[in-house]
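*Asks:* Let me give you the structure first, and then I'll get to my questions.
The values are calculated or read from the model by the stated rules, or taken from the named source; none is laboratory data. Because the structure is predicted, anything quoted here is derived from the model rather than measured. Here the Cβ is made from the backbone with ideal geometry for all residues, glycine too, and neighbour counts use every protein chain on show. Heads up: the accessible areas ignore ligands, DNA and RNA and are worked out on the full protein's heavy atoms, side chains in. Shrake-Rupley method; radii C 1.70, N 1.55, O 1.52, S 1.80 Å.
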Amino acid sequence: MSEPPLTLGTAGHIDHGKTVLVEALTGRSTDRLPQERERGISIELGYAPLELPGGRRLSLIDVPGHERFVRTMVAGASGVDLFLLCVAADDGVMPQTREHMAVLRQLGVERGVVAITKADLGDTELAAEEAAELAPGAEVVPVSAHERTGVDELLAALDRVAAHVPSRAGDAGTLRLHVDRSFTLKGIGTVVTGTLWSGEVGEGDRVKILPRELEARVRSVQVHDRPLDRAAAGQRVALNLAGVGWRELGRGDVVCAADSELAPTYLIDASLGLEAGARPLRRGTRLHVHHGTREAPARVSPLEGDQIAPGAPGLAQLRLESPLVPAVGDRLVLRQLAPPDTVGGGTVIDPHPRKHGASPEAVAGLRALERGEAPPPAEPATAPARAEEPPLDDAALRVASLLRSDGVRPRTDSELAAAAGLEPAEAAARLRALERAGQAVRVAGNLHFHPEPLEQLAARVVDICERDGQATIAGVRDELDTSRKYAQALLEHLDAAKVTRRRGDAHVLRPR
C-alpha cells in the first residue's frame, strides 16, 4: 500500500443525496437492505472502497441521515479520519446536518470536504455560505450525481485533504477493532466487520472479544473483499473468526489482542464539554454515552461544582449502567435521552477509576493524568469500589444470543427461559440486566426484542405512517408479514416511546 490507510465518513441530513453521491464516486450502492431500497433512505451503515485520483484508496462509510438513526450514525463515525458533508442545494443546512457535524466535532474529526449536492436543483451559493459557517475551512464543491457534474472536482478535493490527514497506521498500540456487524457466510463461518482503530491483525492471531470475555482465532482478514496477510489501522476490516458463533457477537463488541490490557468498565473519569445551547449537565443527569460502536446509559457526577455548562468544560465521573471498553484519550459523544439530541462529548482521562465524588484531591489527580503526569498518592479507600451494575453473566449472554437470533419474531419470555435452561424468575432477572445494558427492549408484558431488529421494524412502521398517514394493526401485520400479536405489541411500544400516538383504531406519527 503506497499511502497509509484512512477512513472517510459521510454526514448530512436525510435526502441530501449522500448514498447517491457515494455510488457516483465509488460505483457501488451502499444500501444493501430491501427496506432501504424500498424506502429510498439509508437505515444501516454502508461501506465501499473509494479510489482517489492520486492512487490512494480510502475506506468509505455511508451513514443514515434520518433523525431516528443518529445512534447508528455515531457508531459509524466513531472510526473516521475525515468527513464528506453533503448539503443539498435546494434545502441548505438542516437539523441533521448540524447534529452530524456536532458528532464529528466531539469525535475530533476536523478535516473534510463539503459537497453541495443536487446542484442542478437549487442555489448552490446560498447553500455553500451556510455550509461554510458550519464547516469553516473545508473546501466546498458543487456537485450533481444525477448529471455527473463536479464529481471529478470532488474527488480531487478529497485527495488534497487526505494528503494532510494523519493515518492511524503505525501508531503505537495493540489491536483494537470496534465491531459494527456480525454475520455468517456459508463455508466460511463467523465474520465481524469494523474500523481498525489501532494495531494490526493477521491470519492466525489469537484475539479476545470484550465485554463478553470470549476468545477466538483469526482465520482470515479482508479489506473491501480483498484478502490480506495483515491489515493496518485506519481502514475497514472484515475478520473471519474461529471459536465463536456469529450470534454471540454484535455491534458494540471490541476485538482486541489476546494479551491486551483493555477491560470493560462501569466508571469513567473524563473531561466533558457541551455544545452551544445545550442544557447544563447537573449532578445525576442521565444521558447516553457513545464510545466506539457501543453506547451505555449513564449518570453524570460533576467534579468541579454542581454542573457543567456550555463554554466551560469540566471534569466528571460517568457512572455507566452497562459496560464500555475505553482507553485513555478516547473520545466520547454525549446524547440526551429526550429529545435524543447530541449535547456534547468528552475525552477519557481514567477508564478504570474507583467510585468517588468531588474533592480537591480527585480533581488534582485527574488534572495530573490529563497532563501525562503521575497523580499524587490517593487516600486509602475505606471500602472497595463497586460498579453500578455487575457484568452480564453467562446466562444473560445466552438469553441475549437467543434474542438476537430470533430477530423480528422473538419467542415469549417464558419460551425464552425454557430455551435458555432457566427458571422464569432467573430469566426475568437476566432480561432486566439486558434491558439496562441496552441489549433487550421490553415491548409487551411477556415479550422482549433485541434492539437492532426492533429498530428495523420501527423504521418500517414509520415508513407506513409517512406513506399512508397512519398505521393499523391489520396493516402492519400484513406489510411486515407478522402476526397480529407482534403487530399490536410493536404499535403499543411505539406509542409508549412517543414515536406514534393512537387515534381511534389507527396510530399516527407524533410531530417532532
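*Asks:* Of all residues in the range 335-349, which are surrounded by fewer than 20 Cβ atoms within 10 Å (Cβ to Cβ) and not hydrophobic (A, V, I, L, M, F, W, C)?
*Replies:* 336, 339, 340, 341, 347
*Asks:* Here's a follow-up. Taking the range 223-237 as the search range and keeping residues that are surrounded by fewer than 21 Cβ atoms within 10 Å (Cβ to Cβ) and aliphatic (A, V, I, L, M), which one is farthest from residue 201 (Cα to Cα)? Spell out how you get there, then give the answer.
*Replies:* Let us first name the residues in the range 223-237 that are surrounded by fewer than 21 Cβ atoms within 10 Å (Cβ to Cβ), namely 223-230.
Filter once more, keeping what is aliphatic (A, V, I, L, M): 223, 228.
Details: 223: 11, 228: 10 Å.
Top of the filtered list is 223.
*Asks:* Sticking with this one: I'm trying to understand the selection: among the residues of the range 153-165, which are surrounded by fewer than 22 Cβ atoms within 10 Å (Cβ to Cβ) and either touching a helix residue (DSSP H, G or I) at 6+ places or on another chain (Cβ under 9 Å) or without any contact (Cβ under 8 Å) to a residue 12 or more places away in the chain (or both)?
*Replies:* Hit for the range 153-165 is 155, nothing else.
*Asks:* Here is a follow-up. Check the range 51-59 and report whether any residue there is within 22 Å of the chain's Cα centre (by Cα) and either open to solvent by less than 30 Å² (accessible area, probe 1.4 Å) or not polar (S, T, N, Q) (or both).
*Replies:* Let us first name the residues in the range 51-59 that are within 22 Å of the chain's Cα centre (by Cα), namely 58-59.
Filter once more, keeping what is either open to solvent by less than 30 Å² (accessible area, probe 1.4 Å) or not polar (S, T, N, Q) (or both): 58-59.
Yes: one or more hits.
Rundown of residues vs (1) within 27 Å of residue 76 (Cβ to Cβ); (2) in contact with a Pro (Cβ under 7 Å, 6 or more places away or on another chain); (3) at pLDDT 90 or above, yes/no style:
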site: 293; (1), (2), (3): yes, no, yes
site: 302; (1), (2), (3): no, no, yes
site: 314; (1), (2), (3): no, yes, yes
site: 325; (1), (2), (3): yes, yes, yes
site: 330; (1), (2), (3): yes, no, yes
site: 346; (1), (2), (3): yes, no, yes
site: 351; (1), (2), (3): yes, yes, yes
site: 375; (1), (2), (3): no, no, no
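*Asks:* Residue pairs, Cβ under 8 Å, 6 or more apart or interchain, first in the range 43-59 and within 24 Å of residue 463 (Cα to Cα), second of a type in the set (Phe, Trp, Tyr). List them.
*Replies:* 43/69
*Asks:* Pick from 354, 319, 299: which is assigned to a strand (DSSP E or B), open to solvent by 50 Å² or more (accessible area, probe 1.4 Å) and more than 12 Å from residue 270 (Cα to Cα)? Explain how you work it out, then say what you get.
*Replies:* Working: 354 fails: assigned to a strand (DSSP E or B); 319 fails: more than 12 Å from residue 270 (Cα to Cα).
Being assigned to a strand (DSSP E or B), open to solvent by 50 Å² or more (accessible area, probe 1.4 Å) and more than 12 Å from residue 270 (Cα to Cα) holds for just one of 354, 319, 299, which is 299.
*Asks:* Now for a separate question. Residue 162 passes all but one of (1) among the small types (Gly, Ala, Ser); (2) at pLDDT below 90; (3) farther than 17 Å from residue 325 by Cβ; which number fails?
*Replies:* (2)
*Asks:* Just need a number here: residues in the range 245-288 that are buried (at least 20 other Cβ atoms within 10 Å of the Cβ), in contact with an Asp or Glu (Cβ under 8 Å, 6 or more places away or on another chain) and part of a loop (DSSP other than H, G, I, E, B).
*Replies:* The number of residues fulfilling the criteria is 3.
*Asks:* Please enumerate the residues belonging to the range 224-251 that are acidic (Asp, Glu) and touching a residue at least 24 places away in the same chain (Cβ under 8 Å). Before the answer, list the steps.
*Replies:* Going residue by residue through the range 224-251, those that are acidic (Asp, Glu) are 225, 229, 248.
Of everything in the range 224-251, those that are acidic (Asp, Glu) and touching a residue at least 24 places away in the same chain (Cβ under 8 Å) turn out to be 229, 248.
*Asks:* Which number in (1) buried (at least 18 other Cβ atoms within 10 Å of the Cβ); (2) modelled with pLDDT under 95 marks the one condition that residue 147 misses?
*Replies:* (1)
*Asks:* Report every pair of residues separated by at least 6 positions or lying on different chains whose Cβ atoms are under 7 Å apart, first residue within the range 132-148 and under 18 Å from residue 108 (Cα atoms), second open to solvent by less than 70 Å² (accessible area, probe 1.4 Å) and assigned to a loop (DSSP other than H, G, I, E, B).
*Replies:* 134/93
*Asks:* Picking from 232, 238, which residue would you name as being within 22 Å of the chain's Cα centre (by Cα), modelled with pLDDT under 90 and within 24 Å of residue 62 (Cβ to Cβ)?
*Replies:* 232
*Asks:* Within the range 134-144, track down each residue that is under 15 Å from residue 89 (Cα atoms) and either open to solvent by 60 Å² or more (accessible area, probe 1.4 Å) or of a type in the set (Phe, Trp, Tyr) (or both).
*Replies:* 142 - this is the single residue of the range 134-144 that is under 15 Å from residue 89 (Cα atoms) and either open to solvent by 60 Å² or more (accessible area, probe 1.4 Å) or of a type in the set (Phe, Trp, Tyr) (or both).
*Asks:* Identify the residue in the range 93-123 that is touching a residue at least 60 places away in the same chain (Cβ under 8 Å), more than 12 Å from residue 135 (Cβ to Cβ) and not hydrophobic (A, V, I, L, M, F, W, C) and, among all such residues, is most open to solvent (accessible area, probe 1.4 Å).
*Replies:* Step by step, filter the range 93-123, then rank; the result is 95.
*Asks:* Any residue in the range 254-265 that's β-branched (Val, Ile, Thr): show its pairings with residues that are assigned to a loop (DSSP other than H, G, I, E, B) at Cβ separation under 6 Å, as long as the two are six or more apart or on different chains.
*Replies:* Pairs found: 254/325; 265/351; 265/352.
*Asks:* May I pose another question? For the range 329-349, how many residues meet the condition of being outside any strand (DSSP E or B) and either over 25 Å from residue 392 (Cβ atoms) or in contact with a Gly (Cβ under 7 Å, 6 or more places away or on another chain) (or both)?
*Replies:* Residues of the range 329-349 outside any strand (DSSP E or B): 329-330, 337-341.
Filter once more, keeping what is either over 25 Å from residue 392 (Cβ atoms) or in contact with a Gly (Cβ under 7 Å, 6 or more places away or on another chain) (or both): 329, 338-339, 341.
The number of residues fulfilling the criteria is 4.
*Asks:* Answer with yes or no whether residue 152 is out of contact with any strand residue (DSSP E or B) (no Cβ under 8 Å at 6 or more places or on another chain), farther than 30 Å from residue 178 by Cα and assigned to a loop (DSSP other than H, G, I, E, B). Outline the logic, then answer.
*Replies:* Values: out of contact with any strand residue (DSSP E or B) (no Cβ under 8 Å at 6 or more places or on another chain): yes; farther than 30 Å from residue 178 by Cα: yes; assigned to a loop (DSSP other than H, G, I, E, B): no.
Spelling it out, it is not the case that residue 152 is out of contact with any strand residue (DSSP E or B) (no Cβ under 8 Å at 6 or more places or on another chain), farther than 30 Å from residue 178 by Cα and assigned to a loop (DSSP other than H, G, I, E, B).
*Asks:* Those residues that are within 22 Å of residue 327 (Cβ to Cβ) and among the polar types (S, T, N, Q), I need them from the range 184-238; list them, please. Break it down into steps so the answer makes sense when it comes.
*Replies:* Restricting attention to the range 184-238, the residues satisfying the condition of being within 22 Å of residue 327 (Cβ to Cβ) are 192-202, 205-216, 218, 230-237.
Residues satisfying the conditions are 193, 195, 198, 235.
*Asks:* Go through the range 82-92 and give me each residue that's surrounded by fewer than 23 Cβ atoms within 10 Å (Cβ to Cβ) and not in a strand (DSSP E or B).
*Replies:* Restricting attention to the range 82-92, the residues satisfying the condition of being surrounded by fewer than 23 Cβ atoms within 10 Å (Cβ to Cβ) are 82, 90-92.
Those that are surrounded by fewer than 23 Cβ atoms within 10 Å (Cβ to Cβ) and not in a strand (DSSP E or B): 90, 91, 92.
*Asks:* Which pairs turn up if I take residues in the range 485-512 that are on the phi < 0 side of the Ramachandran plot and look for partners that are of a type in the set (D, E, K, R) and assigned to a loop (DSSP other than H, G, I, E, B) with beta carbon separation below 6 Å, at least 6 apart in sequence or on another chain?
*Replies:* Within 6 Å, the pairs are 501/510; 510/498.
Here's the yes/no breakdown for (1) within 23 Å of residue 80 (Cα to Cα); (2) of a type in the set (Val, Ile, Thr); (3) open to solvent by 20 Å² or more (accessible area, probe 1.4 Å):
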| site | (1), (2), (3) |
| --- | --- |
| 187 | no, no, yes |
| 190 | no, yes, no |
| 196 | yes, no, no |
| 212 | no, no, yes |
| 217 | no, no, yes |
| 221 | yes, yes, no |
| 241 | no, no, no |
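*Asks:* In the range 1-23, how many are assigned to a loop (DSSP other than H, G, I, E, B) and among the polar types (S, T, N, Q)?
*Replies:* Applying the first criterion (assigned to a loop (DSSP other than H, G, I, E, B)) to the range 1-23 yields 1-6, 12-17.
The next check asks that each one be among the polar types (S, T, N, Q); those that pass are 2.
Of the residues in the range 1-23, 1 are assigned to a loop (DSSP other than H, G, I, E, B) and among the polar types (S, T, N, Q).
*Asks:* Please go through the range 442-459 and give me each residue that is within 11 Å of residue 490 (Cα to Cα) and either open to solvent by 30 Å² or more (accessible area, probe 1.4 Å) or among the basic types (Lys, Arg) (or both), ordered by number.
*Replies:* 442, 444, 455, listed by residue number.
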